[in-house]
Structure formats: structure tokens, C-alpha cells
1. Order these by the 10 Å Cβ neighbour count, fewest first: 217, 124.
2. So who's got an amide H within less than 5 Å of the one on residue 115, skipping anything under 5 residues away but keeping other chains? H placed 1.01 Å off N, in plane.
3. Output the relative contact order of the range 10-212, whole-number percent, from Cα pairs under 8 angstrom with separation of 6+ residues.
4. Quick one: order 32, 252 by neighbouring beta-carbon count within 10 Å, fewest to most.
5. Could you work out how far helix 87-106 tilts from the main Cα principal axis of the chain, as a 0 to 90 degree angle to the nearest 10?
6. Which ³J(HN,Hα) values in Hz, rounded to whole numbers, follow from the phi angles of the range 153-164 under the Karplus curve 6.51 cos²θ - 1.76 cosθ + 1.60, where θ = phi - 60° and Gly and Pro get x?
7. Taking the alpha-carbon centroid of each part, what is the distance from the range 72-91 to the range 208-273 in angstrom?
8. Which GluC sites (Glu not before Pro) does the range 165-271 hold that lie in a coil by DSSP with at most 14 other beta carbons within 10 Å?
Amino acid sequence: MSLPATRASVSVHDLGEGIVEVRLDEPERFNTLEAVLVQDLHDVLGELAPRADLRVVVLTGAGKHFCAGADLHGHGTPPGGDGSRAVPDWMSVQEHIATLVTRMRSLRMPVIAAVQGAAAGGGFALALASDIRICSDDARFNAAFVKIGLSACDVGVSWALPRLIGASRAFEIMLTGRFVEAAEADRIGLVSRVAPRDQLMDAALETARAIATHTPFGVRMTKQVMWSELEIASQAAGLDLENRTQVAAAYTEDHRESVAAFLEKRPGAYRNR
């Protein structure tokens, strides 16, 4: 499989079966979100986005921590910025990081965040922007922004967290800035699975393989409609969206192949058609 080239701070690895690992690869900096890493991640995700042959992205971090959030020593100069740190420049910094969330949301393939160590601040946001979160038993999550004099409402956290765990818990976690340890994250539904540290990638790969057995269009529409349903104001509108999506899926070749494979008790051979 031909994959995007590894960048200075983000590496890309073929895990087989259409599954790709995207690794934040600055372990000595705890994979903090400075300009180079953020742009490298934008570039890699942008190259993966149109790939119909890829089925799942596993997002993880090298070293001790998944991502320790923003680099407090400075972000660097993002696209559209001038380094002045005037309001327009700060907005460029903010948007440079925040648009990673929309880029991940728009990928046709699901993203599994495999989180070890700290997922703090912007790292927490990347985990929340993923479709599935699996963490190691030493993982810790927090909305760190409030601890440095900023609002905890940043990089999509205030939108995603209440929808995943409920508003009451989200308020407390965001206002205190405290760490949520792995066991609590599992209990409150922030993650779907906790694995021993040395088995984290195996657990993520097991989930990715389960997804990759299904038709590409069925998975793509499930991701797309699930996120859209979080924004739809009424059940009636949600049903309308589901109905149209289901009819479109029913006319694909892969749907017919999937039914045949089920009846014949064999794996499906899908062509994304």
C-alpha cells in the first residue's frame, strides 16, 4: 500500500487490511501541538482523506504520552500568521489547531484514538474528535486550558465532551481541569476500552479489523450520519436522514455482495461500488 510520506513530526505506518497508523512522533516534546507537528498532521490527514482503499486510521503518539497539548514555549508561525501575537496572529494559531477537528470529522474512514499517558488540552481534543477512543491503563485526560488562565472551551472540547459523557460531568471536568484516569474514563463512557499499556495497539487493531470487515460505504455512512445526528434537532429529521442514506446503500454492489457473503458464510469481497 502506498501511503503518505512520513513527515518530520508525524509518521505513517501500514498495519495491513486497509488500516493505517498515524503517529505523532515527537516523544521528547510529549507530542505537543506546535506549528510543525500540527501542519504535518494536517498534511497527512489531507492526503489520506480521498483514499477509498483505506478503511481505518489509528491515531496514536510516540513515547510516554499521546499528546500533552499546546506547546507553552510557543506555537511557531502558522499559515496566515506573522508571529506578532496580535489578535489576528493569535486567531491564525487558534484556527491552525482547531481545524484539525473538522479535518478528522470529514475523513470518510473512522479514526480510532489509541491513547497512552497524557491526553491533555489539545491532545484531549484530538481524542474527542476521533470516532472511537481506546486507552491504556495509564492514560489520563484533562481540559488543561483552564489551568493556564484560558477557557476550557477550546478545540471542540465544549461541543464534544457533553455529547459523549453528559453535560453535568463535562462541566465538572472542564471547570476543575482535573485529570480523568483510565478507569474513570471507561466508567463514564469517555473511552470504549482500556488495555494494558503493552497491549494498547493490539486492542486498537482488533477494533479496526472488526470495522474493516464491513463495506466501505456502509462504514463511511455510519460515521457521517452518526456525527450529523448529534446536531439534528428532532428525531423526525434524523429518521429522514437515515432513510435516504439506507436507500442509497441498498443500491450499492457491495450491499449485494455483503448479503451473499452472509448467506454463504464467507468473507465479503468489496469493491467500494
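All of the numbers you see were taken from the coordinates with simple rules; none came from a lab. This one's a predicted model, so the numbers in the text were calculated from it and none came from an experiment. Quick reminder, even Gly has a Cβ in these numbers, built from the backbone with ideal geometry, and neighbours come from all protein chains shown.
1. With the fewest neighbours first, 217, 124 line up as 217, 124.
2. Placed amide hydrogens put 134, 135, 136 under 5 Å from residue 115.
3. Relative CO of the range 10-212 lands at 20 percent.
4. 252, 32
5. Roughly 20 degrees between the two axes.
6. Each residue of the range 153-164 in turn: 8, 7, 6, x, 5, 6, 8, 7, 4, x, 6, 8 Hz.
7. If we compute the Cα centre of each part, the gap is 42 Å.
8. Values: sites: 172, 181, 184, 206, 229, 231, 242, 253, 257, 264; in loops: 231, 264.
Passing both the DSSP loop test and the Cβ count: 231, 264.
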